[in-house]
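Asker: Can you read through this structure? Questions will come right after.
Read-outs throughout are calculated quantities, based only on the coordinates presented, and are distinct from any laboratory measurement. Predicted, not measured: the structure shown is a model, and the values here were computed from it.
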Amino acid sequence: MGPMMNTQSGFTLTELLVVMTIVGIIVGLGVPSFKYVTTANRVAAEANALLADMQYARSEAVREGQTVTVCASTDGSSCVGGTGTSWQGGWIVFSDANGDGQVNAGTEPVLRVKNKFSGTDTLSSTVNVVKFNREGFASGLPNAGLLMSLHESTSNVGYTRCLQVNLVGTLKVVNHATLAACT
């Protein structure tokens with residue numbers, strides 16, 4: 001029998017350092033992109049949740065043949081008073097038989113409740129109530145309609161989304177690139 005070959009396997013220190021350098025570069029490039037994707041998706045989801053509830057309110061108003069209202073709400077059962085408010089505390093959709101923009105317990109059921117945002121994003125508007133009449137038209141809005149602005153915590157305009165509501169009841173989510181007023 002001949003002498004035994006002594007073989008070793010593993011990484012050299014140089015190979016390990018090269019691999020660690022490559023991984024560091026990939027992570028350094030990937031983390032900012034991942035932050036953008038997660039922030040943009042969160043803001044888009046919040047804007048789309050409001051859009052969906054507004055569309056639901058409009059369709060329910062037509063279906064029920066009476067006013068259905070969406071309003072800012074922090075408790076899930078009543079509207080926040082005053083004019084111009086923050087909506088990040090949540091909102092409710094309710095049948096508003098008398099069209100006064102306030103929930104009358106027992107006679108006007110709350111149809112949907114959206115709880116407050118989990119992060120520090122802000123949703124602001126010049127009104128705290130959006131009403132849809134039995135024809136699906138938005139009522140009680142300024143003549144030019146309504147533009148609700150959703151900002152993420154750094155107020156980076158690239159993440160900003162706005163919900164447009166016109167008097168005919170048409171709803172649309174836009175960003176700064178498609179509407180300069182969305183800031």
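Asker: For q = 0.15, 0.17, 0.19 Å⁻¹, what log10 I(q)/I(0) does region 1-78 give under the Debye formula with an equal point scatterer on each alpha carbon and no solvent?
Answerer: So the normalised log intensities are -0.80, -0.88, -0.96.
Asker: Taking the chain as the reference, fit the longest principal axis to its C-alpha atoms, fit the long axis of helix 13-64 to the helix C-alpha atoms, and give the angle between the two in degrees, 0 to 90, nearest 10.
Answerer: With rounding to tens, the tilt is 10 degrees.
Asker: Using just the helices of the chain, give the 222 nm mean residue ellipticity in deg cm²/dmol: DSSP H runs with n ≥ 4 each add -39,500 (n - 2.57), and the total is spread over all residues, rounded to 500.
Answerer: -10500 deg cm²/dmol
Asker: So what's the Cα pair-distance distribution over the chain, bin width 10 Å, in %?
Answerer: 9, 31, 25, 11, 7, 6, 5, 4, 2, 1, 0
Asker: What shape does region 73-134 have by the C-alpha gyration tensor, where a ≥ b ≥ c are the square roots of the eigenvalues, rounded means a/c under 1.5, and otherwise prolate means a/b greater than b/c and oblate the rest?
Answerer: Judged from the Cα gyration tensor, region 73-134 comes out prolate (a/c at least 1.5, a/b above b/c).
Asker: Ok, one more. Residue separation times 0.36 nm, minus the C-alpha to C-alpha distance between Thr170 and Ser118: what's the value?
Answerer: 15.9 nm
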